[in-house]
Amino acid sequence: MGVFQNIVINHLDELAEKHNLTFHQTRTMKKIQICHTRDSGFSKECVCDVCGRTYIHYSGCGNRNCPECQHRNCEEWADNYRKYLLDGIAYFHLVFTFPSELNPLFYQNQDLLYSLMYDAS
């Protein structure tokens, strides 16, 4: 179980009380809560080559916001993207945000506003 998942498990109720979470946000957090646990079902049973013990691999939630599920996808994306990078050139990863007061506006007009935001950056 990852750190983020522990935070979600232990503090989702508190977060929901303090913030007006959307249906999508609540559903995402609930998926992350059960990711790779008994509640998510299991994908396969495995036997350890060393000790012979049987263990179960529980299914992931597959949500694009889940750090556990998307870690492999992120690594694969980075590996595929490296072929386009030039040797000896420094690259930077930038993160930009907008004020939380604009969340309802962005939620209703995602395609337009995110496109404009990316173009402006």
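Read-outs throughout are calculated quantities, based only on the coordinates presented, and are distinct from any laboratory measurement. The shown structure was predicted, so the numbers you read here are calculated from the model rather than taken from an experiment. Positions of Cβ are backbone-derived with ideal geometry, glycine not excepted, and every protein chain shown enters the neighbour counts.
Per 0.36 nm of contour for each residue apart, how much would the distance between L94 and E75 grow if the chain were fully extended, relative to their Cα-Cα spacing?
Details: separation 19, 0.36 × 19 = 6.84 nm, distance 1.77 nm.
Value of the extension gain: 5.1 nm.
Given Cα pairs under 8 Å that are at least 6 residues apart, what percent is the relative contact order of the chain? Mind dumping the intermediate values first?
On the way: 75 pairs, mean separation 18.9, N = 121.
Computed value for the chain: 16 percent relative contact order.
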- From the phi of every residue in the range 103-117, what ³J(HN,Hα) in whole Hz does the Karplus formula 6.51 cos²θ - 1.76 cosθ + 1.60 yield, where θ is phi - 60° and glycine or proline is x? 3, x, 5, 5, 5, 7, 10, 4, 4, 5, 6, 5, 4, 4, 5
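If you place +1 on the Cβ of every Lys and Arg and -1 on the Cβ of every Asp and Glu, how big does the dipole about the Cα centre of the chain come out, in debye to the nearest 20? Please report the intermediate quantities before stating the final value.
Details: 11 positive and 14 negative charges, 62 e Å.
In total the dipole reaches around 300 debye.
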- Query: In sequence order, what are the phi-derived ³J(HN,Hα) couplings for the range 29-39 according to the Karplus relation 6.51 cos²θ - 1.76 cosθ + 1.60 with θ = phi - 60°, rounded to whole Hz, with x for glycine and proline?
  - Reply: 5, 5, 5, 5, 4, 9, 4, 6, 10, 4, 5
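Expressed as a whole percent, how much of the Cα-Cα distance distribution for the chain exceeds 20 Å?
65 percent
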- Item | Choice from N109, N73, N65 with maximal GNM fluctuation in the chain (Cα, 10 Å cutoff) | N109
- Message: Using amide H atoms built in the peptide plane, which far-off residues or other-chain residues are under 5 Å from Y58 H to H?
- Response: S43
- Item | Expected-Rg normalisation [2.2 N^0.38 Å, Cα atoms] applied to the range 57-119 | 1.54
- Between R82 and A16, what length comes free when the chain is fully extended (0.36 nm per residue of separation minus the Cα-Cα distance, one decimal in nm)? 19.8 nm
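Report the gain in length on full extension from S121 to V50: 0.36 nm times residue separation, minus Cα-Cα distance, nm rounded to one decimal. Intermediate results must be reported in sequence, preceding the final value.
On the way: separation 71, 0.36 × 71 = 25.56 nm, distance 5.21 nm.
20.3 nm is the gain from fully extending S121 to V50.
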